[in-house]
Amino acid sequence: MKTHILRTIVMIAGLVLAAFNPAGRAAEAGAAMAGIEQKIERALYRGDAALLTEAEGELAVALKAEPGRAGLRYLEGFGAYARASFEYATKDKKALEKGLVRADELLAKVKGEPWAAEALALRGYVTGQLIGARGSMSGMTLGPKMKRQTSEAVDEVPGSGRALMFHGVTLLSTPEMFGGDPAEALRLFTRAAAVFEKGEGATVTGWGGALTYYWLARARLKAGDLAGAKEAAEKALEREPEYAVVRYGLMKEIEGKLAGK
């Protein structure tokens, strides 16, 4: 009986201490956010719908507890983008477009720095993929929007690996006659990779390292640097061994070119 009473007192004391320990609560919330983010990122690379559903469930619980937390709102948009990306496998452009628009809408609602700037960077990436979903003619209006979003994000969070990488994607994917710059894109991807190598995914969120190496490989491939492209692709796989687009697509493309096929 005494043991039971003692345990109850200890438990109550722990709850009281937790209630008056905002730093501890903040650390717990940060850890929860990091766990959700990691699951969304892995699901994105692997095309793992079940893992994404698990992350979405955890995120819903966290948002119910803290609906105004900017980081959680950012993850909501990131998760919506990951969900939309699964439509590439189905080749359903209408579903892809709908999912991308939903992701953009959620990211547009993210407020507070540096979260809003990080959301703007991801919105630029989403805008670029909307061009692919809607067709090249949409690039006449969406292309300038994409460039404005990613360049503004770099200005606001210049230490963000994601902002650097997304702006690089803009410059790599835009035709040179409309302001594209493959050489500058390559420099941006290289800078972004250096940020991730230092373990500073940047200001507030850490995802994007493997995606950066994917795009670095793409830029090197476009520049004719096959050995460098393979090295970058291998770096992407070191970070995420089950990165499907790299393992079954990009790497085979590079190896085919190296073999002279």
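Across the range 33-111, C-alpha contacts under 8 Å between residues 6 or more apart give a mean separation that, scaled by the residue count, equals a relative contact order of 29 percent.
So which of Lys64/Lys145; Lys39/Lys198; Lys91/Lys222; Lys98/Lys198 end up more than 31 Å apart, counting from Cα to Cα? Listed pairs above 31 Å: Lys64/Lys145; Lys98/Lys198. Based on C-alpha pairs under 8 angstrom that are at least 6 apart in sequence, the chain has a relative contact order of 12 percent. Just to verify a number: FRET efficiency for Glu152 and Ala34, C-beta to C-beta distance, R0 = 35 Å, to 0.05? Calculated transfer efficiency: 0.85. Placing unit charges on each Cβ (+1 for Lys and Arg, -1 for Asp and Glu) gives the range 87-192 a dipole about its Cα centre, and among Gly124, Pro158, Ala95 the Cα reaching farthest toward its positive end belongs to Ala95. Axis angle, to the nearest 10 degrees, between helix 2-19 and the longest C-alpha principal axis of the chain: 50 degrees. Listed by Cβ neighbour count within 10 Å, with the fewest neighbours leading, Ser136, Ser151 appear as Ser136, Ser151. Couplings for the range 223-234, taken from phi via the Karplus curve 6.51 cos²θ - 1.76 cosθ + 1.60 with θ = phi - 60°, read 7, x, 8, 5, 5, x, 5, 5, 4, 5, 4, 5 Hz in order; Gly and Pro are left as x.
What is the order of Glu37, Glu184, fewest Cβ neighbours within 10 Å to most? Kindly include the intermediate steps, with their values, before the conclusion.
Working: Glu37 21, Glu184 14.
With the fewest neighbours first, Glu37, Glu184 line up as Glu184, Glu37.
With all pairs of different C-alpha atoms in the average, the Kirkwood value for the hydrodynamic radius of the chain is 19.6 Å.
Can you sort Asp181, Asp155, Asp48, Asp104 so the residue with the fewest Cβ neighbours within 10 Å comes first? Show your work: numbers first, answer last.
Details: Asp181 15, Asp155 11, Asp48 18, Asp104 22.
Starting with the residue having the fewest Cβ neighbours, the order is Asp155, Asp181, Asp48, Asp104.
The dipole here belongs to the range 29-171: it is taken about the Cα centre, uses +1 on the Cβ of Lys and Arg and -1 on the Cβ of Asp and Glu, and is about 440 debye.
If you keep only loop residues by DSSP, which trypsin sites (Lys or Arg not before Pro) in the range 32-101 have at most 11 other Cβ atoms within 10 Å of their Cβ? If you can, show how the numbers build up before the last one.
Numbers: sites: Lys39, Arg42, Arg46, Lys64, Arg69, Arg73, Arg83, Lys91, Lys93, Lys94, Lys98; in loops: Arg69, Lys91.
In loop regions of the range 32-101 (DSSP not H, G, I, E or B), the sparsely surrounded trypsin sites (Lys or Arg not before Pro) are Lys91.
None of the figures in this text is laboratory data; all of them are computed from the coordinates on show. Predicted model, so just to flag it, every value in this text is computed and none were measured. Every residue, glycine as well, gets a Cβ built from its backbone with ideal geometry; the counts of neighbours run over all protein chains shown.
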